[in-house]
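Right, one structure below, let's go through it.
The values are calculated or read from the model by the stated rules, or taken from the named source; none is laboratory data. No experiment lies behind these values; they were computed from the predicted model shown. Heads up, the Cβs are rebuilt from the backbone with ideal geometry, glycines too, and the neighbour counts pull from every protein chain shown. The protein model used for the area step is the full one, side chains on, heavy atoms only, and it has no ligands, DNA or RNA in it. Shrake-Rupley method; radii C 1.70, N 1.55, O 1.52, S 1.80 Å.
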Amino acid sequence: VAGLLCAYAEIMAAIYAWLGRHRVLVDSFLAAVLAVFGLAAMLHQPWPYVPITLLLVAPVAIRRQIPTTAFMIAAVAGLWQLAIGGPTGADLAILVLLYTVAAYRPRRQSTAAAAICMVGGCVAIIVWSPDGPGAKLIMQLLVGGVLFGGSTLSAWVLGDSMRYRRGYYAALEDRAARLEAERDAQAKVATAAERARIARELHDIIAHHVSVMVVQADGAGYALRSDPVRAEMAIKAISATGRQALTEMRRLLGVLRGADEQAQMTPVPGIGELRELLDQARAAGLAVSYTLSGVPRELPEGAGLAAYRVVQESLTNTRKHAGLAASAAVTLRYEPDGLVVEVTDDGVASLPADSAGHGLAGMRERIEMYGGTVQAGPLPGGGFGVRARLPCPLGATAAGAPAMADALADAQVAAGWAAGGR
Ligand SMILES: Nc1ncnc2c1ncn2[C@@H]1O[C@H](COP(=O)(O)OP(=O)(O)O)[C@@H](O)[C@H]1O
Ligand SMILES: [Mg+2]
């Protein structure tokens, strides 16, 4: 039975599709049927009823191509018919055409068409009444009004509801299409953002660690004969840096592969890891001082990494661009509405070219993602400065207390470094 029903549904769908593709043919058939109706009643009518009937039914064949024009042609034929005689079966064509106007044209046009039908109907009752204008006219107007008016109204309502339904389905389809397009666009944006994020992480990890390794290797090369102990230390630093780079790369790859548990096992660097970062920079021969002011507090997730990367990239840049004699100063300032990270150096500053590397651009993207701002450029008194401000309003997180203790401990350590910084 199910198979039979399926076959039935398929056959019906095929028939509807065929009907949809051959509208003029279908409508011509309808027009022919109406013509037969009309011509059957012709036997007792004067000759002009032949052209009148044709004018009434012929527009039905093209009713869906030019609904309003088709209706107007039939209305003119109806007027002619009013002038010379009584109704025919072909008058049904006017109702079909009114339905079509209501279904395919704006309501303004279809109400005008319905009004024409109503007026024509009333005039027809008066003109065609067997007794002529007279006593029974009121009665005739009532009966005729119900007949003509009822059928006119039905045709109009049918067509209008059809138009409404079609509009409704079109709106639904449109909405579905828009949603789909929106989803695709969002997916694209998400992919692009993800790629940018990966590129930033890769840049920061590689640029930092490799530049440290290059500096250490240069130092080891110099000291190899004259100071084997220092050379050994430098080589140890190279292997430690390389291992750290590998760990961070592995974490990044873990995130990429979606191996979330592994990614969580190797923690993301944050403010707490600044100490090691500065140690590393010092071991690579850069004098760095560190100052902390304000009361440290918990940063929103991800903002800690952003701050860490700002310091990391800025120190890498100092090593790369500021010249050998440069020293750097890192400042963390907790202000009421946010954290300010400042890295300045006293080297030879150069204006960042537009086409310059990805470091400063990535830094800006990173910080702006957390609603912060970055300024970077040569300082008025010489050297280069980077200032990033990350919004983190006071009291935004409840978990502030333990983090504060940690950060205070850090601050004490930092005070020690500042004194011992080379
Ligand atoms: N500390 C600095 N001292 C001097 N110039 C700098 C410093 N930091 C950045 N710059 C300039 O800004 C440019 C852009 O830096 P960045 O975006 O990090 O790219 P990259 O480091 O890959 O060259 C650098 O090429 C350099 O000219
Ligand atoms: Mg750089």
Give segment 154-170 a look and list any residue that's open to solvent by less than 100 Å² (accessible area, probe 1.4 Å) and more than 12 Å from TYR104 (Cβ to Cβ), or say none. SER154, ALA155, TRP156, VAL157, SER161, ALA170
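Residues are listed down the side, and each one gets a yes or a no for (1) part of a helix (DSSP H, G or I); (2) more than 12 Å from ligand 1 (Cβ to nearest atom); (3) not β-branched (Val, Ile, Thr):
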| site | (1), (2), (3) |
| --- | --- |
| VAL310 | yes, no, no |
| GLU313 | yes, no, yes |
| TYR334 | no, yes, yes |
| MET363 | yes, no, yes |
| GLU368 | yes, yes, yes |
| GLY371 | no, yes, yes |
Selection within segment 182-238 - buried (at least 18 other Cβ atoms within 10 Å of the Cβ), aliphatic (A, V, I, L, M) and within 16 Å of ligand 2 (Cβ to nearest atom): ILE205, ALA207, VAL212, MET213, VAL215
What are the pairs with Cβ atoms under 8 angstrom where one residue, in segment 363-390, is free of Cβ contacts under 8 Å to residues at least 40 places away in the same chain and the other, located anywhere, is part of a loop (DSSP other than H, G, I, E, B) and more than 8 Å from ligand 1 (Cβ to nearest atom)? Sequence gap at least six, or different chains. GLY382/ASP346
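Does VAL310 meet the test of being at negative phi and in contact with a strand residue (DSSP E or B) (Cβ under 8 Å, 6 or more places away or on another chain)?
Numbers: at negative phi: yes; in contact with a strand residue (DSSP E or B) (Cβ under 8 Å, 6 or more places away or on another chain): yes.
Criteria met by VAL310.
If you scan segment 266-291, which residues turn out to be under 16 Å from ALA388 (Cα atoms), open to solvent by 30 Å² or more (accessible area, probe 1.4 Å) and under 42 Å from the mean Cα position of the chain (by Cα)? Quick ask: steps written out before the conclusion?
Initially, segment 266-291 is screened for residues under 16 Å from ALA388 (Cα atoms), giving 270-271, 274, 290-291.
When the remaining residues are screened for being open to solvent by 30 Å² or more (accessible area, probe 1.4 Å), the result is 271, 291.
Passing the criteria: only ILE271.
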What residue, of ALA31, ALA35, is closer than 17 Å to GLY89 by Cβ, at pLDDT 90 or above, among the small types (Gly, Ala, Ser) and surrounded by 15 or more Cβ atoms within 10 Å (Cβ to Cβ)? ALA31
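Looking at ALA328, ALA307, which one is within 16 Å of ligand 2 (Cβ to nearest atom), under 22 Å from LEU278 (Cβ atoms), touching a helix residue (DSSP H, G or I) at 6+ places or on another chain (Cβ under 8 Å) and not β-branched (Val, Ile, Thr)? Walk me through how you get there before you give the answer.
Working: ALA307 fails: within 16 Å of ligand 2 (Cβ to nearest atom).
Among ALA328, ALA307, only ALA328 is within 16 Å of ligand 2 (Cβ to nearest atom), under 22 Å from LEU278 (Cβ atoms), touching a helix residue (DSSP H, G or I) at 6+ places or on another chain (Cβ under 8 Å) and not β-branched (Val, Ile, Thr).
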Conditions (1) in contact with a strand residue (DSSP E or B) (Cβ under 9 Å, 6 or more places away or on another chain); (2) farther than 30 Å from GLY219 by Cβ; number of the one not met by MET369: (1)
For the condition open to solvent by 10 Å² or more (accessible area, probe 1.4 Å), within 13 Å of ligand 2 (Cβ to nearest atom) and in contact (Cβ under 8 Å) with a residue 24 or more places away in the chain, what is the one hit in SER314, SER350? SER350
Pairs with Cβ under 6 Å, 6+ apart, first in segment 201-222 and within 13 Å of ligand 1 (Cβ to nearest atom), second of a type in the set (Val, Ile, Thr) and open to solvent by less than 20 Å² (accessible area, probe 1.4 Å): ALA207/THR316; HIS208/THR316; SER211/THR316
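May I ask you to verify whether PRO336 is open to solvent by 70 Å² or more (accessible area, probe 1.4 Å), more than 16 Å from ligand 2 (Cβ to nearest atom) and in contact with a Leu (Cβ under 7 Å, 6 or more places away or on another chain)?
Details: open to solvent by 70 Å² or more (accessible area, probe 1.4 Å): yes; more than 16 Å from ligand 2 (Cβ to nearest atom): yes; in contact with a Leu (Cβ under 7 Å, 6 or more places away or on another chain): yes.
Spelling it out, PRO336 is indeed open to solvent by 70 Å² or more (accessible area, probe 1.4 Å), more than 16 Å from ligand 2 (Cβ to nearest atom) and in contact with a Leu (Cβ under 7 Å, 6 or more places away or on another chain).
Being surrounded by 13 or more Cβ atoms within 10 Å (Cβ to Cβ) and touching a Gly at 6+ places or on another chain (Cβ under 8 Å) is the filter here; which residues of segment 38-56 pass it?
The first filter runs over segment 38-56 and keeps only residues surrounded by 13 or more Cβ atoms within 10 Å (Cβ to Cβ), leaving 38-39, 41-42, 45, 48-50, 52-56.
GLY38, ALA41, GLN45, TYR49, THR53, LEU56 - these are the residues of segment 38-56 that are surrounded by 13 or more Cβ atoms within 10 Å (Cβ to Cβ) and touching a Gly at 6+ places or on another chain (Cβ under 8 Å).
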Does ALA190 fit the bill of being part of a helix (DSSP H, G or I) and under 25 Å from ILE367 (Cβ atoms)? yes
